[in-house]
Structure formats: C-alpha cells, structure tokens
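Data first, discussion second: the structure below is written as structure tokens.
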Amino acid sequence: MELNAKYNPAEVEDKWYAYWLKNRCFHSEPDSREPYTIVIPPPNVTGILHMGHVLNNTLNDVLIRKARMDGKNACWVPGTDHASIATESKVVARLAAQGIRKEDLTREEFLKYAWEWKEEHGGIILQQLRKLGASCDWDRTKFTMEPALSDAVTATFVYFYKKGLIYHGYRMVNWDPVAHTAISDDEVIHRDTKSHFYHLRYFISDGNGNPTKDFLVIATTRPETIMADAAICVNPADERYHHLRGKKVLIPLINREIPVIEDDYVEMDFGTGCLKVTPAHDAHDYEIGQRHDLPILEILDDDGRLNENARILIGQDRFEARKNIVKMLEEAGNLVKIEEYISPVGYSERTDAVIEPKLSKQWFLKLEELAKSALEAVESGNIKLIPDKYRNVYRHWMENAHDWCISRQLWWGQRIPAWYLPDGSVVVEETVEKALKAARAACPGITQADLQQDEDVLDTWFSSWLWPISVFDAARPGHPEHKPNRDLRYYYPTSDLVTGPDIIFFWVARMVMAGGEFMGDVPFRNVYFTGIVRDKLGRKMSKTLGNSPDPLELIAKYGADSVRLGMLLCSSAGNDILYDESQVEQGRNFCGKIWNSWRLVNGWRVDENGRQNESSRVAVKWFDNLLSRTILQVEDHYRKFRINDALMAIYKLFWDDYCSWYLELVKPAYGEAVDGYTYDATVGFFDKLLKLIHPVMPFITEEIWHAMAERHAGETIMYERTPVAGPFDEDFLAGFDQARQIITGVRGIRAQKQIAPKDALKLCIEGAFSREFLPIIGKAANISAFTDTVEGAAQSFIVGTVKCSVPLEGLVDTGQERARILADLEHQRKFLAGVRAKLSNAGFVAHAPQSVIDTERKKEADALSRIEALEASLNSL
RNA sequence: GGGAGAUUAGCUCAGCUGGUUUAGAGCACCUGCCUUACAAGCAGGGGGUCAAUGGUUCGAGUCCGUUAUCUCCCACCA
C-alpha cells in the first residue's frame, strides 16, 4: 500500500491471505525436517466465530507460525465437528420454522435435511478463521462425520465391544427432555437453583387402603413425582419411626398404598427423616428400590410430561404439574409447609433443560482401564499440562472415571453398529454385511431383513477422541493391526494442543485414552489451556447478555493483526481473559507505530560515504546487543508457553527501545542524510523485528517485508528464519541502561524545574560513569544548544576539566552519599554472609542441583566485587 | 460436602530455586507538548504497609501455620 501516515489493514489483509493460499504456503507434506503438528480443536460445523475461537486459534497460529519460522515442518490440520446434539437441535428448529416436525420425517429424510444444512452452513467458521489469518493446511480439512472418519468411529465401537469394554444395559441416565436424548454425566452442569422444599403429609393406611388419623411427613422438592412413589424410607436407627415398621402409607391424592421401609441411606437429621422413594425418577431412589425389590413406575414421558401412570395431571409438563399438584395437595390437606430451598439441579450443557433422571437402556464404555493408562501418560510427564495446576484436576477425574454413556437418541451422528436379531440377541459388526454373516453363524437362514439396527447414534466425543489419529489415517482407530500410513507415522504424536480447560475431560483425557489404545503413544506432548474469555466485568461472554463482540466486526474495524495482539496481550495461560476493546486499540496503535517507524526509516536520504558519528555508533552497538538479549528472553518465554510475555518483550523492544530510543538516536537532523553503515544496521534491525513479531502479526509484517526489498514471486516472511541471538555484552547493556536513566532523570529535572540546558548537561556528565555514553546522553537528552559541543565537553570531562560555568562541587552531597554507601555496604556484607552460610551447608552442597549451586557461587562473587567497589567509592569521597 | 487455585498500583496481571529491582509491566490517570515518522503520538509524573495474623530465616511478596474473601473443578442428601 501507499506510504500514507495511516496504516490501513483492510487494504492488505485479504491480499496477503490470497497470496499465501495461492502459493500454498500453509501446506505440509512429510519430509526430512522435524515436524511440528497441531490439530485444531474442531469447532462445531454449524458454529460461528466467537471470541473464544479468536483466542484459541490466535494462540494456535502463533505457535504454528513460530515453528514454521524455526525451520520445522509445520502442519496445522483444520476441520469441523459434527456436534450431534447442537446441530440436530438447530436442524430441528429450522424445520419447525418451516412447519415440519421431526417426528413426521423418516430418519433418511431428516438426515437429508441435516446434510443440506451442513453444506450450507458448515465451514462458515473455517472461512472466518481465514480472516483471522489462521495458517491452517486447508488441503487437509477434515470433518468428523465424513465417510472415512465415520468408519473409524464405527470400527472403534466394534473394537471396544469385542474387547468387552462396551456393554448395553439399563441404567439411570441423564435425560434431556428437550433434545430427547440421554447425555453423559459430563454434559450435565449442576447449578444451585432456588426451589422449594415441600413438606407433605402421608396418612397411614388402616390396612384396607383407608387413611387413619396417623400420618408421617416427608420433605420433597419434587411433589409432582409422588404418584411414582414406591415406598417411604426411614433410617432403621430412627426411633421416631419405629412404630411404623411394617405399616403402609397412602400416597396423597391417589391413595395408592406403599410400604414403609428402612435403609441406612436416609439421613435422620435431613428434612423430616422420611424419604419418599421414587425409583423411576431418581438415581438414588432407584438404587434403594433395587435393594428392597420395589416396583418401578414411570410417570414421565420423554418430553417430561406426566403420562397415564400418574393417574392425575396427565399430559402436563413436570413444572406445570408441580405448581398444580401443590395446589391440589393444599386443598386436600396434605401440605404441611413450604420452605425456600436452594439445591443443586442438573442442566443439560447443550439445551439448558433441567435434566430428568430416567431409566433406559444405553450403551456404555468402561473407562477404568483406559483412564489408568491415560493418567499414567500425564503423571509420567509424557504429556505436559500448562499450567501445571490442571494435573490435579486431571488426576482427580481419572481416578474417579465413571462408565461413559456413549449412545444418544439422535439421528445426526454415527449410528451404532449393533444389529438385533429376532430372538433379541445382538451382533456388533462394522457393516450390515458382516453383521449378517455373524448372525448366520448362530442362526443360519437369517436374512438381512431380520436384522434391526440400533436406532441410536454415538456421542460426538466418541468421534472427536480419535481426531489426532483419524485426521491423518482414519483406518487406524479400531484397527491397531493396521499399519499406519506415511502421514500418521510422520505427524503423530502431534506437538501441542491448545484448548480450553472446560473440555479437559470431554476431549483431552479421551484423546489420551484413544491415543494410548490405538497408537501406544500420547496424542500430543503439551496441552496449553487457555482461559475463558470474559467481558470487562468478568462475565462470561454470551449471546443473551449481548456482551460478546462479533470478531469479524472487530477485524473489519481494527484489522486482524490488532485483534490478535489485543487478545494475546491479556492472556496468560490458564487465567480467564477479561476482554476489553481497549486492548485491541492498543494492537491497532502498535500497528500504526510499526508502520510509521517504517515510513521514517524508508524516507531517509542515505549518504553511503557519510561518516558515522559517535552517538550512532554506540546506538547501533547497543541495539545489536539488546536485540540478542531479547531474542534469548523471547525464546525462553516461548519454551515455557508464556506467549504473552514473549509478545510483551517484543512489543517493548520494538516500541520503547527501537522506536523511542534507537531511532531517535540515529535519526539524521533535518535535511541531513544518514550514513550508509547506520542505515544498513537500522534496516537490518527492522527486518529482524518484523520477523520476531510476525507470528503474532502476520499481515502487517508481510506487507512491510515485501516493501523493504524486491522479493521473488511466492516469497514470504512466513518462511524466513526466526532471528537468532548473537553474543552480547551484559555490562555494556547495563551501562547503557544507566545512561538512559540519567537522561530520563535530566529530562524530568528540566521538565519540572526548567533549569538551563547547560546545567542539565552538567548533570548528565556528572552522572555518566562511562565516557562511551556521553554522546548518547548529549543527543538523547535533547540539549540541542549543546549538541555540537558535547563531544568537546566529553573530552574535557575525560581530562578532568569540564567547561561549565557552575562548579561541580556542591552538586553531590557527600554526607548523604556516604550514608547511602555505608547502608549498601552493610546490606551487601549480610547478603554475602547469607550466601556463604548456604554454600558451607553440607546438606545444601550435597543435594542442591548444580545450577543452583552455580547461582549461589555467582551471587557470592557478585557480592564480593560489589563490596570492593563500594569500599573504593567510599574512600574516594 | 470433597478437592484445587487465587488475594501484589484504579483495572488486568508478572515476580520462574527465599537476596540485587529501593516490589515491576501493560492499560487507565495527571502535567506539558499538533517538535519536519507517528496526537492511534511524544516527553515527564503520581500511585502499592504485596488480604490479615503468627512462625522459620542473617534476610519473606516468595517457605510453613491459622483466619478472611473470591474463583474453578468434582459431588444425586431427598
């Protein structure tokens, strides 16, 4: 773009993304280089980009671009997840809007609509990722429900079934009455919810189904389920109720007789000590029912409405029925009192419906064995979790992993490969043909028409847990005997996984299990957990609150580079991100700064034969040293996944050090030219800075990098190498810092006290400890009237005669200085004593790692030389 | 109910094996500047008894105990 004063991201971003695509810059094939691999946490196929995606994918992209510039064969595999519940409910809603009910469709018809929806909306999010600059290898785009990956899921099911880890059984499951499906324990979110504790009076039966005057009181939060009661249960030790042993009570309103039973489960001091047992609609009650052989009566249908078994309030929704039955109970004289009560209620993660415990036949995968090896992978350090604190969370879950309910009463997903025979037995095979063959072995003469496939599909996570394997070689999952193809051999295990901690169990842990089972190796080496993006007030971003900005609008307004930088600025690993637009503004400002610094350097007139002045020489030397030191720091930050620290180090290097100090020091005076040597150094620094910041800001760096020199077709900064650190002189840098402090101090004095420039200069000279920095001080302190004479002043200073009208004496308060030095000296001596005590401690020397001991030795040496120096300056005072 | 983590400037957070930074950064704030790259900027400045309390140590923001507050995870007391 033109060298206008304002940088316009819109002008360059689409251009460069198209350029990268055209030149297949993101594509990777196995070769002799070391691979660096990331598989994308696949977003829902029907999803649209939100701030969480921006954070996650920005981090992924920074890592992959960094690895690419480090010379690795970087491969980022993109794709989408079919998200069975989420997608199916969207399709159902869309059909409903057209007046079509799912129940009126056949499975095939419904799936046709679903696939249409997928073709229309699927992949929108992938297009949006391009706007963000994501450098995914789009040739490798995968979808969890594409044929090969679906086959992998089916094969996996068969594999675990035959291994005896999958079973089919009646269990109390979490029923989502809105989505009409069972969901796993992990998909239930418990929230404390305000409800009521209803105390109800149950009259004792006289034995013939008639109430006596005697009664007991139970407390319940769910009065609408009393019709399904199978017993009243008390603790056997509860003497208050011993007189009721063997008695029966009558369920209010319907007068059905139920026994009073005793079980240790009941807490005597909770509620009234009487528990109504409703085996069909409560998981605990179910267990009690099993122990006491109680009948199970279901009174709720799949929608959560009361059915004929309830005898009253038939057809009413459970919450409506609750209101109504309370009224009826009150009128009938069964309601004793109502208490306000807060209890944890389970909600569906997807539909937010209140979960209904429901007894049904589902498929389960035993996790105990798998969890053990997955735990080992993390405990042994084969997988590192960042931050480390998630190890505890992970361990806790792995040690308490319940069997995983993997069937879902949905149509959108991989259908369970189980076929029922007329006699009720089941065969599990990858295809109907194989199933038929297997069935015939048992009952010859059976035909395909006799086989009835299970209606359910598999949990989405049952496909995503294969993702790091199946994106490379879908034939492997379920078939450990299958020889892995070239991609899988080369790219697996992947390098890093970046994801949110909310899916550590859903996804991360299960990928580790699948990896161990089918690959005998971990699926990734490092897992970096991002925080959750919240708004400025700490609230979760949500559609209903309307506090979630549209990332695409942000990108349109500020540019992708700014959005990326803004996001990273506020994201330390594992901490929640408080997003605020001002951070993106900061990103935009930084873009402007980079752009303008390029305009400055680009606009200089160069005199190739010009003599380099002293301040430029020192400035170049300084920045060269500083650059090397910073590169090392940045590398260290990247190694520790401290991405925002790495970014901040580069940001400060670029803005504070390069722009505010370096460029000001070497900037030629108005109308003058810069000497060739300084110019080359300046442009060289700029080039390295661009490369350092490229992983975070891909677009502006590509634009400027192309403007800096003639580039070949297809050439890109993406494939340039990360700048490497050269040697640097720590003392020199420290000296410069001190000089810089002096300058800042002088500026402060001048700003506040308005002292004469020459006096300011004198202060500079007084403070300067090394003649090398005098020219720098003269220039940077902006004492323009004296700039020309600085070198002369420096000379004079060196020989001890300073050409200043004010005598130097009196500028330093010797008494104060002496006190300061003495205090410092005492401190140093104590410090030294401490260090020596540590070093002479036999236990410390024997057990401390060598690096720690070395550090202590260095401390000792430093303290010694420091003491020496202090003593010397004390003597000279 | 169990577990984990947090508490440092107005806000968000660093502070990695106890010391050397006189506790730092970014943003925000205040003052002065439209100075010939940049007002989306420049220069300067103020602001913290490191939650409270006890202990270990020559030395504690850092380690240990207690208290308070908060966050997250797990958990079906009806």
Residues in segment A:399-422: is at least one in a strand (DSSP E or B), surrounded by fewer than 21 Cβ atoms within 10 Å (Cβ to Cβ) and either in contact (Cβ under 8 Å) with a residue 40 or more places away in the chain or in contact with a strand residue (DSSP E or B) (Cβ under 9 Å, 6 or more places away or on another chain) (or both)?
yes
Qualifying positions in segment A:495-516 - buried (at least 23 other Cβ atoms within 10 Å of the Cβ), away from RNA strand B (no atom under 16 Å from the Cβ) and either of a type outside the set (A, V, I, L, M, F, W, C) or at pLDDT below 90 (or both)
A:515
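Restricting the search to segment A:244-288, which residues are assigned to a helix (DSSP H, G or I) and either in contact (Cβ under 8 Å) with a residue 60 or more places away in the chain or away from RNA strand B (no atom under 13 Å from the Cβ) (or both)?
The first filter runs over segment A:244-288 and keeps only residues assigned to a helix (DSSP H, G or I), leaving A:244, A:283-288.
Hits for segment A:244-288 are A:244, A:283, A:286.
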Residue A:592 being within 9 Å of RNA strand B (Cβ to nearest atom), small (Gly, Ala, Ser) and surrounded by 15 or more Cβ atoms within 10 Å (Cβ to Cβ)
yes
The condition from (1) small (Gly, Ala, Ser); (2) buried (at least 18 other Cβ atoms within 10 Å of the Cβ); (3) part of a helix (DSSP H, G or I) that residue A:346 misses is numbered (3)
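Hey, can you tell me all the residues within segment A:679-710 that are aromatic (Phe, Trp, Tyr) and under 21 Å from residue A:624 (Cβ atoms)? Explain how you work it out, then say what you get.
Residues of segment A:679-710 that are aromatic (Phe, Trp, Tyr), as a first pass: A:679, A:685-686, A:699, A:705.
Residues satisfying the conditions are A:679, A:685, A:686, A:705.
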Provide a single number: the residues in segment A:77-95 that are polar (S, T, N, Q) and surrounded by fewer than 24 Cβ atoms within 10 Å (Cβ to Cβ).
1
Specify which of the listed residues (A:10, A:18, A:5) is part of a helix (DSSP H, G or I), farther than 24 Å from residue A:494 by Cβ and within 16 Å of RNA strand B (Cβ to nearest atom).
A:10
Go through the residues of segment A:127-144 one by one and say whether even a single one is within 29 Å of residue A:12 (Cα to Cα) and free of Cβ contacts under 8 Å to residues at least 60 places away in the same chain.
yes
With the condition kept exactly as written, say whether any residue in segment A:665-679 is more than 29 Å from residue A:63 (Cα to Cα), crowded, with 22+ Cβ neighbours inside 10 Å, free of Cβ contacts under 8 Å to residues at least 60 places away in the same chain and within 15 Å of RNA strand B (Cβ to nearest atom).
yes
So the check is Cβ under 8 Å with 6+ separation or different chains; which pairs have a first residue in segment A:629-641 that's in contact (Cβ under 8 Å) with a residue 24 or more places away in the chain and farther than 16 Å from residue A:657 by Cα and a second one that's basic (Lys, Arg) and in a helix (DSSP H, G or I)?
A:638/A:66
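Among the helices (runs of 4 or more DSSP H) contained in segment A:60-137, which hold 1 or more residues that are at pLDDT below 95 and under 22 Å from the mean Cα position of the chain (by Cα)?
A:84-97, A:124-132
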Here are A:579, A:490: which of them is surrounded by fewer than 19 Cβ atoms within 10 Å (Cβ to Cβ) and aromatic (Phe, Trp, Tyr)?
A:490
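Mind checking whether some residue in segment A:161-168 is small (Gly, Ala, Ser) and in contact with a helix residue (DSSP H, G or I) (Cβ under 9 Å, 6 or more places away or on another chain)? Before you say what the answer is, go through the steps one by one.
Pass one, segment A:161-168, residues small (Gly, Ala, Ser): A:164.
After this cut, where a residue has to be in contact with a helix residue (DSSP H, G or I) (Cβ under 9 Å, 6 or more places away or on another chain) as well, the list is none.
No, there is no match, as no residue in segment A:161-168 is small (Gly, Ala, Ser) and in contact with a helix residue (DSSP H, G or I) (Cβ under 9 Å, 6 or more places away or on another chain).
The values are calculated or read from the model by the stated rules, or taken from the named source; none is laboratory data. All of these numbers come straight from a predicted model, not from anything done at the bench. Glycine gets a Cβ as well: all are built from the backbone with ideal geometry, and neighbour counts include every protein chain shown.
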